[in-house]
1. Against the conditions (1) at pLDDT 90 or above; (2) not in a strand (DSSP E or B), where does residue 552 fall short? Just the number, please.
2. Residues of the range 92-102 being touching a strand residue (DSSP E or B) at 6+ places or on another chain (Cβ under 8 Å) and more than 10 Å from residue 139 (Cβ to Cβ), which ones?
3. Given the conditions (1) open to solvent by 30 Å² or more (accessible area, probe 1.4 Å); (2) at pLDDT below 85; (3) of a type in the set (A, V, I, L, M, F, W, C), and given that residue 666 satisfies all but one, which numbered condition is not satisfied?
4. State all residues of the range 423-459 that are out of contact with any strand residue (DSSP E or B) (no Cβ under 9 Å at 6 or more places or on another chain) and surrounded by 20 or more Cβ atoms within 10 Å (Cβ to Cβ); if no residue qualifies, say none.
5. Please work out which residue is most open to solvent (accessible area, probe 1.4 Å), limiting yourself to the range 218-241 and to residues that are in a loop (DSSP other than H, G, I, E, B), within 18 Å of residue 151 (Cβ to Cβ) and modelled with pLDDT of 85 or more.
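The values are calculated or read from the model by the stated rules, or taken from the named source; none is laboratory data. Everything numeric here is computed off the predicted structure, so don't read it as measured data. Every residue, glycine among them, receives a Cβ derived from its backbone with ideal geometry; neighbour counts consider all protein chains shown. With ligands, DNA and RNA removed, areas are computed over all heavy atoms of the protein, side chains included. Shrake-Rupley method; radii C 1.70, N 1.55, O 1.52, S 1.80 Å.
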Amino acid sequence: DGDRVFRILVNFNQNGKEETDDSWPAPMAAALVSDFPEVEKSGRFMGSPLFDLAGSNQVRRSDVQQNTYEEGFAFADQSMLDILKMPMIYGKREQALSEPNTVVISKSKAEKYFPGQNPVGKTLVFNNDTKNTYTIGGVMVDFPVTSYLKYDFLLTMTGHQLWDDEQTNWGASNYPTYVLLKKGVDTKKFEKKLELIKTKYYLPLMRQAGLKELEEMIKKAKLFMQPIGDVYLHSADVNDHIQKGDIRYVWLFGAIAIFILLIASVNFINLATAKSANRAKEVGLRKVVGSLRNSLVAQFLTESLLYSLISFSLGLLLAVLFLPAFESFSATTISVPWREWWFLPSIVGAVAVVGILAGLYPSFYLSSFRPIEVLKGHVSRGSKNSYLRNGLVVFQFATSIILIIGTIVIYNQTHLILNRKVGFDKDQVLLIQGSNTLGEKQETFKNELLRSSEVKKVTIGDYYPIANTKRDGNTFYREGKKTEGVNVPAQKWQVDIDYIKTMGMHLLEGRDFSKELASDSQATIINKAMQARLGLQNPIGEKIENGWQKFTVIGVMEDFNYETMREKVQPLCLVLGKYNSSMVAVKVGGSDVKAALGYVSTLWKQYSPNQPFRYTFLDESFARMYDDVQRSGNIFTAFAILAIIIACLGLFALSAYMAEQRSKEIGIRKVLGASVAGITTMLSKDFVKLVLLSLLIATPIAWWMMTKWLEDFAYRVNVSWWIIAVAGIAAITIALITVSFQSIKAAIANPIKSLRTE
């Protein structure tokens, strides 16, 4: 029923910025079913680390002590199993998540923890929390690799809430919500009816609270649906917590692949027309003995189609052989769709299109020779086609230059991201994973860590400026000015006393948190962006609130990038909070990192003997946030190299042929005293002119393409003139090296050999 399953999204303008979000209040799913007869089922699916167990956990059977680290946890309503029609191996789908503290696990995890058994009714312990064990309500088929829903543990939403009365609160949005529409529902008409959600639930709440600014924003907001099949590739602008692709990259790399195929076709056309004289006598003789032009066209097209068929067969074989390497290279899973009805017809169609495209012009051109002229030896030897050949060479090198410029820009942007001053010290910070299993021993573990001379600072917490750590969005305003002041959306991070010192963040005003001051439990340190948005001229001592808590500002810290550089730094405040965090950050000394790791590892085994020591470095985790950018750069580079090689192969063959055609001219010039350098220059300059023309054409196209690509980043490089210059010099150098080999070879040849027949 994929055509009837949709994700509900909202588009709104917040402080001049367009945003699209997938999160809704807890009661939204129930309201969709009760208020809209078109909805058959509705459910929530939460995979973000907002929930304590969502994301990753330490897992064990209740009858063993050894923990195993697992990823792929999400919370789901019972109705989501029905909406997704989840196939079950064990247990009944209709009630697998209907009870509190139940979990549905995948077939692969069932085999891992309960090999050869039906695990329904057995219990799992997460993060050593023996007070809240989870009973297995069912075993589902593994999600396919082609699904964006990559989960092995679905935890019930039944009986779960973030705080008291949270499940009936329309003031906090945390839950991605899906609907299964009844058959025959007009989706466009239904989307318009979704406006009822705003008027029935949101606007009365805003009016009651006196939040005029939010009321106006909600009035202009647009609710709409996204087909579940579009989520993976068509959600680049949606704020969600899923791993996804981007259809723009699919189109971009698909277009580049087509251009490379066109470059190869250009080579075929160029060489076929340039070497036309070699087949002129064959055409003449065939026409003399009665061949019609149509049969000659058919013959040449058939030859082109055979080349295309052989090329596609080899290409398909190479694609299958190199697929594992490409999957690793691109960090994605791809399969050749042999069983799909459209696959082989598509290949046959592509063979025909490429074969006909590459062979059409040469076929008509070769078949157009007049027999009497050919047999007299009056054939132009391809000279009439010099404009066409030159145009095709320009096309080849323009494409190559665009790819070179793109590669340089992506490399520069990646370098900027990874080396830009980000507002915190990400070097030599060790992130220990799974510390929530320590329970009450966390503080003791922290103090023991500090006993080592190699450990400088330690902080316990779940909020870090890297992906897949906790986030907590709130709306803040100045004390007593909820209805008249500016309401600022901001992050509220719970940290411990040593967070700022461990992370190397910089205070611009005020002070850090202090152990000695009990009042700091109600204090906050805000970033510069939050100060500006709240309009605090003298922030120290000011009070801010978020509707249920008040905080006194004791410090202002320098802005730091806690999300990717695709967006500007947003308002954020730090508050003291103590809870069972899943990570411990350790700032180690620079003298002997290996010794520090050894000490931390040994200490971990003492405190958590039944759990492997897992860690990452903060700078590595930060770099992984931009893996997609680096992968794009790598793929772009590979495409650029491939395009240049193919263009050079054509240029090499074309220059060889042109040198062959001018062999007598070269012989005469040498006899008359021309130098090797002069002849080489003569043969090369025409090609250099074509490359310069290619650069002229490619520059505005490449500039426009890369400027559009860079718009995704709030902090970005410029497409500078030197990038274009480097690309042009590289293209000219490559062309010269390619052409010069044949030019020098022709220039140093013995002129007697070329003039002997005269």
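1. (2)
2. Within the range 92-102, the first condition is being touching a strand residue (DSSP E or B) at 6+ places or on another chain (Cβ under 8 Å), and the residues that meet it are 92-93, 95-102.
92, 93, 95, 97, 98, 99, 100, 101, 102, listed by residue number.
3. That leaves (1) as the condition not met.
4. Passing the criteria: only 424.
5. Step one: list which residues in the range 218-241 are in a loop (DSSP other than H, G, I, E, B), which gives 221, 231-237, 240-241.
Imposing the further condition that a residue be within 18 Å of residue 151 (Cβ to Cβ) reduces the set to 231-232, 235, 240-241.
Retained after the next criterion (residues that are modelled with pLDDT of 85 or more): 231-232, 235, 240.
Values: 231: 0, 232: 85, 235: 0, 240: 25 Å².
This residue is 232.
The rows are residues; the columns are (1) among the aliphatic types (A, V, I, L, M); (2) in a loop (DSSP other than H, G, I, E, B); (3) on the phi > 0 side of the Ramachandran plot.
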position: 97; (1), (2), (3): yes, yes, no
position: 110; (1), (2), (3): yes, no, no
position: 117; (1), (2), (3): no, yes, no
position: 155; (1), (2), (3): yes, no, no
position: 158; (1), (2), (3): no, yes, no
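Per-residue answers, yes or no, for (1) in a loop (DSSP other than H, G, I, E, B); (2) without any contact (Cβ under 8 Å) to a residue 40 or more places away in the chain; (3) open to solvent by less than 10 Å² (accessible area, probe 1.4 Å); (4) over 18 Å from residue 195 (Cβ atoms):
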{"residue": "3", "(1), (2), (3), (4)": "no, no, no, yes"}
{"residue": "8", "(1), (2), (3), (4)": "no, no, yes, no"}
{"residue": "13", "(1), (2), (3), (4)": "no, no, no, no"}
{"residue": "19", "(1), (2), (3), (4)": "no, no, no, yes"}
{"residue": "26", "(1), (2), (3), (4)": "yes, no, yes, yes"}
{"residue": "30", "(1), (2), (3), (4)": "no, yes, no, yes"}
{"residue": "34", "(1), (2), (3), (4)": "no, yes, no, no"}
{"residue": "40", "(1), (2), (3), (4)": "no, no, no, yes"}
{"residue": "49", "(1), (2), (3), (4)": "yes, no, no, yes"}
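Each row is one residue, and each column tells you yes or no for (1) of a type in the set (D, E, K, R); (2) assigned to a helix (DSSP H, G or I); (3) more than 26 Å from residue 386 (Cβ to Cβ).
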{"residue": "658", "(1), (2), (3)": "no, yes, no"}
{"residue": "677", "(1), (2), (3)": "no, yes, no"}
{"residue": "689", "(1), (2), (3)": "yes, yes, no"}
{"residue": "717", "(1), (2), (3)": "no, no, yes"}
